[in-house]
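The following block contains the structure, expressed as structure tokens.
Here, each number is a calculation from the coordinates, and none is a lab measurement. Because the structure is predicted, anything quoted here is derived from the model rather than measured. Heads up, the Cβs are rebuilt from the backbone with ideal geometry, glycines too, and the neighbour counts pull from every protein chain shown.
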Amino acid sequence: MINGNMSRIIIVGGGAAGLMAAGTAAELGADVTVFEKNKRVGRKLCITGKGRCNITNNCTQNVFIENVNTNPRFMYSAISNFDCSDTMDFFEGLEVSLKTERGNRVFPVSDKATEVVSALERFAYKSGVKILSDASVRKLVIKDNTVTGVIDNGGTMHSCDAVIIATGGCSYPLTGSTGDGYKFARQAGHTVVTPEPSLIPLCCDGSDLVDCKEMQGLSLRNVGVKLLKGNKEVYTDFGELLFTHFGISGPTILSSSAHIIDVMRKEYSISIDLKPALDFDKLDARVLRDFEKYKNREFSNSLSDLLPSSMVPVVIRRSGIDPTTRCNSITKEQRYTFVKLLKDFRFGITDTRPIDEAIITRGGVKTSELDPATMQSKLCSGLYFCGEVIDVDAYTGGFNLQIAFSTGRLAGTWAVYNS
Ligand SMILES: Cc1cc2nc3c(=O)[nH]c(=O)nc-3n(C[C@H](O)[C@H](O)[C@H](O)COP(=O)(O)OP(=O)(O)OC[C@H]3O[C@@H](n4cnc5c(N)ncnc54)[C@H](O)[C@@H]3O)c2cc1C
């Protein structure tokens, strides 16, 4: 508390975590100012969920934790304090009607991310938060391991009792998330785990790339996806996948990417099971039926019941079977090879897309240097972190915004209680 008045709290960053922290702290009676470097708050939020904003996942705390990929244990306190159902109640309380879609993904009924941003702004303003836009923080002011204020881009110092860093990661930098929080963390003596792209499309090379380009725009639903490191299975998923001009994308690929470490070693591949509902024998029987049905047709004209048309030439090339072979001349061995191919349609991974295109930054402020019950720095008193700037990340499905809301809620609460 400064001069015996209400505690003054500065929040750096007006994204999901920052606005949640700001409104929470102001509701508890603090004098709160948000510094946002953009003209408007919530720029990244506006593009979430393809403009529809998947705000959370309608799941239990345990399922949430299972979906946190890096440092899930760090999230125990934050999620038990403010869980996915609290997020839903919170937004419904702000008159945002919600709906739950496939995979328990929660969206506003309006399908408009801007409605979510407006609701968060309303929450902040209603609680008395001052939002300064076009206001970039350049540096922290730290004395005797205690933060006492911030310096803005114009060089003006703003003093306060607590600073909450909610600057996000460093993906999609045009939204304002340019990694400034890492600089502030280092200034306070924190370790920053190297930021890397996560939830990112994957690139292929050589003949795999040629195949992806040929199938560009083809989206597969209900396929099985395995990420392999050498022959070792690292991650399995089921759902959608998209072929692109650079390689592969889509929800199952983004989630797989969260498990790739050091992509440049080129040890990873993606194996697609095109018919996961059928085991090898059942699929073989199905293929045999098709070959019998089209016994007088050429192999290349027999696959339309089984595969999307843009995939047919690629599969034929990979099968090694002459496309002009009549179906009734295909040998059992050739058929087995073909069925194996459908169960293990393989693409070598040579790179990820650049971090600018990542949905999430993996890495950030080291969790062991933060108190998980308050989000306060263990190294610098009065300094808090929330949201993507921390080394915590999750799969797609609304879990990353839930991380922002849960950690923002906790940081906003404890910045007031401790001041
Ligand atoms: C394309 C895309 C789609 C996504 N879709 C989803 C989804 O549907 N569901 C989901 O759960 N997650 C989604 N995510 C992830 C989610 O958007 C982030 O996890 C979340 O926004 C992180 O919130 P945050 O508040 O920590 O950071 P941000 O939302 O990035 O906010 C940080 C804010 O800090 C400001 N800032 C930075 N530095 C400074 C500074 N020095 N001074 C002042 N202000 C500063 C920035 O301008 C920005 O406004 C998506 C991400 C992307 C890129």
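What aspartates and glutamates does K143 reach when the alpha-carbon gap must be under 19 Å and sequence neighbours fewer than 8 apart in one chain are set aside?
D152, D161, E369
Can I ask one more? Once you charge only the Cβ atoms, +1 for Lys and Arg and -1 for Asp and Glu, what is the size of the charge dipole of the chain about its Cα centre, to the nearest 20 debye?
That gives the chain a dipole magnitude of about 620 debye.
To continue, here is another question. Once you order the gyration tensor axes a ≥ b ≥ c over the Cα atoms, which shape class does the chain get: rounded for a/c under 1.5, otherwise prolate or oblate by comparing a/b with b/c?
Taking the square roots of the gyration eigenvalues as a ≥ b ≥ c, the chain is prolate.
Which whole-angstrom value gives the distance between the alpha carbon centres of the range 276-347 and the range 404-418?
57 Å
Continuing with the same structure: Label points 7 Å out from Cα along the Cβ direction at D205 and K282: separation in nm?
Between D205 and K282, the label points sit 3.9 nm apart.
Once you've got the Cα coordinates, tell me which of K126/K183; K130/K183; K266/K340; K282/K340 are over 21 Å apart.
In this structure, K126/K183; K130/K183; K266/K340 exceed 21 Å between Cα atoms.
Compute the angle between helix 399-417 and the longest alpha-carbon principal axis of the chain, please, reported from 0 to 90 degrees and rounded to the nearest 10.
10 degrees
Count the net charge of all other residues whose Cβ sits under 14 Å from the Cβ of V223, scoring Lys and Arg as +1 and Asp and Glu as -1.
+1
Ranked from highest to lowest mean number of other Cβ atoms within 10 Å per residue, what is the order of the peptides 314-322, 138-146?
Descending packing order for the listed peptides: 314-322, 138-146.
222 nm [θ] for the chain, helices only, -39500 (n - 2.57) per DSSP H run of 4+, per residue, to 500?
-9000 deg cm²/dmol
Which residue, F246, Y268, S300, has the largest displacement toward the positive end of the dipole of the range 201-352 when charges sit on each Cβ (Lys, Arg +1; Asp, Glu -1)?
Going by the charge dipole, the pick is S300.
Here's another thing I want to ask about it. Take every Cα pair under 8 Å in the chain that's 6+ residues apart, average their separations, divide by the length, and report that relative contact order as a whole percent.
Reported relative contact order: 25 percent.
What does the charge add up to near T194, with Lys and Arg as +1, Asp and Glu as -1, over the other residues with Cβ less than 12 Å from its Cβ?
Net local charge, T194 excluded: -1.
At R0 = 56 Å, how high is the FRET efficiency between K340 and N81 if r is their beta carbon distance? Nearest 0.05 is fine.
It comes out at approximately 0.65.
Once the other residues with Cβ under 11 Å from the Cβ of G128 are scored (Lys, Arg +1; Asp, Glu -1), what is the net sum?
Charge balance in the 11 Å sphere: 0.
Computed FRET efficiency, Cβ-Cβ of I261 and N296, R0 51 Å: what is it to the nearest 0.05?
For R0 = 51 Å, the calculated efficiency reads 0.50.
What is the distance in Å between the Cα centres of the range 180-235 and the range 50-108?
Cα centres, the range 180-235 to the range 50-108: 23 Å.
Okay, moving on. Taking square-rooted eigenvalues a ≥ b ≥ c of the alpha carbon gyration tensor, is the range 110-219 rounded, prolate or oblate, where a/c under 1.5 means rounded and, failing that, a/b exceeding b/c means prolate?
Because a/c hits 1.5 or more and a/b fails to exceed b/c, the range 110-219 counts as oblate.
Right, another one. In percent, what relative contact order does the range 201-352 have, based on Cα pairs under 8 Å that are 6 or more apart in sequence?
Relative contact order for the range 201-352 comes out at 31 percent.
Modelled label-to-label distance, C46 and K229, 7 Å Cα→beta-carbon offset: nm?
For the pair C46/K229, the computed spacing is 4.0 nm.
If you don't mind, another one. Would the range 298-343 count as rounded, prolate or oblate if I go by the C-alpha gyration tensor, calling it rounded below 1.5 in a/c and otherwise prolate when a/b exceeds b/c, oblate otherwise?
oblate
For the chain, what is the percent of antiparallel DSSP beta bridges, rounded to the nearest 5?
Antiparallel bridges make up about 75 percent of those DSSP assigns within the chain.
Next question. How many nm separate the modelled label positions at K130 and T194, each set 7 Å beyond the Cα in the direction of the Cβ?
4.2 nm
Expressed as an acute angle from 0 to 90° and rounded to the nearest 10, what is the orientation of the C-alpha long axis of helix 280-293 relative to the principal long axis of the chain?
With both axes taken from Cα atoms, the answer is about 50 degrees.
Also, I was wondering about something else. What does the highest-first list of 172-179, 405-412, 7-14 look like by mean Cβ count within 10 Å?
Result, highest mean first: 405-412, 7-14, 172-179.
While we're looking at this one, here's another question. Which value, in debye to the nearest 20, describes the size of the charge dipole of the range 95-243 about its Cα centre when Lys and Arg Cβ atoms bear +1, Asp and Glu Cβ atoms bear -1, and nothing else is charged?
Using Cβ point charges on Lys, Arg, Asp and Glu, the range 95-243 gives about 360 debye.
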